[in-house]
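Participant: Dumping the structure here so I can ask a few things about it.
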Amino acid sequence: MSALILNAGREKSLLRHHPWIFSGAIHHVDEDPASGSTVDLLSFNKQFLARASYSPQSQIRARVWTFEDEPVDKEFFRRKILSAIETRYLLFDSSSDSLRLIYAESDGLPGLIVDRYCDVLVLQTLTAGSDYWKEIIVDLLLEETGLETIYERSDADVRELEGLEQKVGILRGADPQLPITISEHNLKFNVNLQSGHKTGFYLDQRKNRLRVRELAKDKDVLDCFCYTGGFTVNALAGGAKSVISVDSSADALILAKENIALNDLPANKSTFIEGDVFQLLRKFRDENRSFDMIILDPPKFAPTAVQAERAARGYKDINLLAFKLLRAGGILVTFSCSGGIDAGLFQKIIAGAALDAGVEAQIVEHLLQGADHPVNLHFPEGAYLKGLICLRK
Ligand code: SAH
């Protein structure tokens, strides 16, 4: 087997079980391993450290499959897949039929995402290594879940860093009739697996949407960045008095309207606005509009720490405006899914927003990504979604 020999002293992160090796840590590469193939990671003194996939084009040059001296073969992947799936079934009940089954590094399978939408699996390979094993992984997923259909959504930008092309389409089984209807905490949602964001739906927000349902009774709600109506539908199901839902994507709003009808919820309590949240919040401020509950679930402003400062301004802007639009006793449910902004910084940004808005507020709850998006203790980068429920005094 080919080997990557690290520079002296660069084995430390591997000894702490962080799964990535950057190009700068590598002294030299023995032989010429193919992209995605398995290599041994050796210390400068040629001690075995881990077995990893090789990404010759990426700055993240290797990602660890295992820290044990064991074969990386079909049976290895079967064990990893089974272990990931078993964890999920320990955590979930039958009120939802859709969840993330495999979350990449968090499940010891770098670069591999597998989501289950009712009876359809959606697979995304983000790295040369996970792409290399794709056919075997697909066979194993069918064997171990008993399902028949796997759809591929390997169309994320990060694949380019690995020298991989974008791929979307059916891998096994019949092309599913789209949109497919899933169930989440006993509400139904239509999901477009082919062109929806990520693999189609923001599964990571499941329990936070339920929390909004619990809090929405009799409230005038503003759902910003509503996408296909995840929070909107929950607010209506929870007995909201009215819900205004805003998104810049016309396609997302079409599905959001369908999702209200699908659950027999009152369309007359719901208003959709296609537009820019930054502008709309200003307009509402100028019109002296006010709400009992505002949800802010924007897209990633800062994928990495480098963009954190600009992102921080964006978060502060929308949160400041939202605080101004909240009635006394009103609730702000605010999120960041930027990997580059940690929970401490996010809280500081929200504190600054309240201060500048001239309101008193307190945090009453911290929110996280769902348990089907677990975080490997040795790979904190897997934690990205953070949310706060703030109560305006
Ligand atoms: N809350 C949603 C997920 C939101 S994803 C859920 O639970 O399903 C972020 C959404 O923000 C996307 O739908 C995207 O179309 C929208 N978006 C991005 N920038 C925007 C902007 N400036 N104004 C309004 N919507 C925006």
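The values are calculated or read from the model by the stated rules, or taken from the named source; none is laboratory data. This structure is a prediction, so every number in the text was calculated from the model and none was measured. Please note: Cβ atoms are built from the backbone with ideal geometry, for glycine as well, and neighbour counts cover all protein chains shown.
Participant: Within 14 Å of the ligand (Cβ to nearest atom), closer than 18 Å to K188 by Cβ, surrounded by 14 or more Cβ atoms within 10 Å (Cβ to Cβ) and at pLDDT 95 or above: which single residue out of L280, L253, L262 fits that description?
Facilitator: Checking each option against the conditions leaves just L253.
Participant: Would you pick out the residues in segment 297-343 that are outside any helix (DSSP H, G or I), among the basic types (K, R) and either more than 13 Å from the ligand (Cβ to nearest atom) or under 20 Å from K393 (Cα atoms) (or both)?
Facilitator: The answer is R327, and nothing else.
Participant: Determine whether segment 185-194 contains at least one residue that is within 16 Å of the ligand (Cβ to nearest atom), outside any helix (DSSP H, G or I), more than 22 Å from I294 (Cα to Cα) and in contact with a Ser or Thr (Cβ under 6 Å, 6 or more places away or on another chain).
Facilitator: Looking through segment 185-194, at least one residue is within 16 Å of the ligand (Cβ to nearest atom), outside any helix (DSSP H, G or I), more than 22 Å from I294 (Cα to Cα) and in contact with a Ser or Thr (Cβ under 6 Å, 6 or more places away or on another chain).
Participant: Just to verify a result, which residue in segment 35-52, among those that are touching a helix residue (DSSP H, G or I) at 6+ places or on another chain (Cβ under 6 Å) and of a type outside the set (S, T, N, Q), is surrounded by the fewest Cβ atoms within 10 Å (Cβ to Cβ)?
Facilitator: Only one residue tops the list, namely L49.
Participant: Turning to a different aspect of this structure: Any residue in segment 196-206 that is assigned to a strand (DSSP E or B), polar (S, T, N, Q) and under 22 Å from the mean Cα position of the chain (by Cα)?
Facilitator: Checked segment 196-206: no residue is assigned to a strand (DSSP E or B), polar (S, T, N, Q) and under 22 Å from the mean Cα position of the chain (by Cα).
Participant: Please find, within segment 341-377, the residue that is nearest to S13 (Cα to Cα) out of those that are surrounded by fewer than 18 Cβ atoms within 10 Å (Cβ to Cβ) and among the charged types (D, E, K, R).
Facilitator: Among them, the one singled out is D342.
Participant: Under 6 Å by Cβ, and 6 or more places apart or on different chains, what pairs join a residue from segment 280-295 that is closer than 24 Å to G230 by Cα with one that is in a helix (DSSP H, G or I) and not β-branched (V, I, T)?
Facilitator: Going by the 6 Å Cβ cut-off, the qualifying pairs are L281/L321; F284/L325; S290/L325; F291/L325; I294/A322; I295/F231.
Participant: Which residue out of N319, N288 is at positive phi, among the polar types (S, T, N, Q) and modelled with pLDDT of 95 or more?
Facilitator: Answer to the selection: N288.
Participant: Restricted to segment 267-277, and to residues that are buried (at least 19 other Cβ atoms within 10 Å of the Cβ) and within 14 Å of the ligand (Cβ to nearest atom), which residue is nearest to L215 (Cα to Cα)?
Facilitator: F272
Participant: Provide a single number: the residues in segment 375-393 that are within 11 Å of the chain's Cα centre (by Cα) and over 22 Å from Y315 (Cβ atoms).
Facilitator: Total meeting the criteria: 0.
Participant: Of everything in segment 4-23, what is within 23 Å of A104 (Cα to Cα) and of a type outside the set (S, T, N, Q)? Give them in sequence order.
Facilitator: L4, E11, K12, L14, L15, R16, H17, H18, P19, W20, I21, F22
Participant: Which residues, counting only those in segment 125-156, are among the basic types (K, R) and either modelled with pLDDT under 95 or assigned to a helix (DSSP H, G or I) (or both)?
Facilitator: K134
Participant: Filter segment 235-245 down to the residues that are crowded, with 23+ Cβ neighbours inside 10 Å and either farther than 21 Å from N186 by Cα or near the ligand (Cβ under 9 Å from one of its atoms) (or both) and list them by number.
Facilitator: Across segment 235-245, the qualifying residue is only S245.
Participant: Could you tell me how many of the residues in segment 197-221 are within 13 Å of the ligand (Cβ to nearest atom), touching a helix residue (DSSP H, G or I) at 6+ places or on another chain (Cβ under 7 Å) and not charged (D, E, K, R)?
Facilitator: 5
Participant: Identify, by number, the condition in (1) over 19 Å from A8 (Cβ atoms); (2) at pLDDT 95 or above that D40 doesn't meet.
Facilitator: (1) is the only condition that D40 fails.
Participant: Could you tell me whether L210 is more than 30 Å from P33 (Cα to Cα), assigned to a helix (DSSP H, G or I), modelled with pLDDT of 95 or more and hydrophobic (A, V, I, L, M, F, W, C)?
Facilitator: Against the criterion (more than 30 Å from P33 (Cα to Cα), assigned to a helix (DSSP H, G or I), modelled with pLDDT of 95 or more and hydrophobic (A, V, I, L, M, F, W, C)), L210 qualifies.
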